[in-house]
Amino acid sequence: MDMTILGLTLSEAVWVPVAAALFGGVLSLAGAFGATILANRSARKAREDEAERLASEVAFIAFFKLLDGYNAAANLKLHIDEMFDAAHENGHGDMEPWGKVMQIVGADDVVESIRPSETSFLIHEKKADLLNEVHLIQRRIANILASAGKYNELRAELQSFLVANSAEAELGEGTVMSAHFEGTQKFHADFRMSQLNNLIGQIMELLDQDLPRSWKALSNFKDAASERYGDYFPKFNAEENLKRD
């Protein structure tokens, strides 16, 4: 016969506390497991957010390089146009381009290359054409600036030639220069002047072609990065901060 302890049989007195302890343990274990899952989810979300933030910063580096390249090219075009305008205003509109364009300010600017890792998100976004265009236009802008630097170098050599032969040359005022030579000196002078005319003509033609192209790549890249990274990518209106020619 079972013994009774405070209204419970002996078996009940033994198993009820054990069952309660087991049930409490299960609840405690479930709570701990749930807390661990939540903590892991939170940590994973934090890591994903941090990775997204870092990736957006890398994309912004590429955008800034594009913006810097566009500004450098736009400033170069503005400076050349101003010298042509000044020559026309001073009555020297009939002079050759080399005579109107003196040293080009900003020609020594360096346009940074964009690293593949800074645009790799475009691969996942299936924007291979934009990926290629971004790298190509940055290289073309860098080449234009290098050509402007070469123009300055050749222009300085021509100026030294004119100074060395000042008895047969006339230096104009303002932003223009003119000269007249005969014989061998004329051949050398004409060759240098032809070099400068060809080079400044190429620079101006490339600026006309690549400035709109650079702007388009810049705008499309900004849109793609904003679409990919959302609020992580800085929000601003490029059209309000930059004036297109």
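The values are calculated or read from the model by the stated rules, or taken from the named source; none is laboratory data. Bear in mind that the values here come from a model prediction, so they are computed numbers and not experimental data. Positions of Cβ are generated from backbone atoms using ideal geometry, with glycine treated the same way; all protein chains shown enter the neighbour counts. We work out accessible area using only protein heavy atoms, side chains counted, and drop any ligands, DNA or RNA first. Shrake-Rupley method; radii C 1.70, N 1.55, O 1.52, S 1.80 Å.
A few notes on this one:
- Subset of the range 220-244 [over 16 Å from the mean Cα position of the chain (by Cα), at pLDDT 85 or above and part of a loop (DSSP other than H, G, I, E, B)]: none
- Checked across the range 84-94, the condition of being in a helix (DSSP H, G or I), more than 19 Å from Glu153 (Cα to Cα) and aliphatic (A, V, I, L, M) holds for at least one residue.
- When the criteria are applied in full, Asp108 meets the requirement of being closer than 30 Å to Glu57 by Cα and at pLDDT below 90.
- Looking only at residues in the range 114-129 that are in a loop (DSSP other than H, G, I, E, B) and in contact (Cβ under 8 Å) with a residue 40 or more places away in the chain, the one that is farthest from the chain's Cα centre (by Cα) is Glu125.
- Matching residues, the range 79-97, being touching a residue at least 40 places away in the same chain (Cβ under 8 Å) and under 22 Å from Asp210 (Cα atoms): Ile80, Met83, Pro97
- Filter pass, Met204 being farther than 30 Å from Arg115 by Cβ, at pLDDT 95 or above and open to solvent by less than 60 Å² (accessible area, probe 1.4 Å): yes
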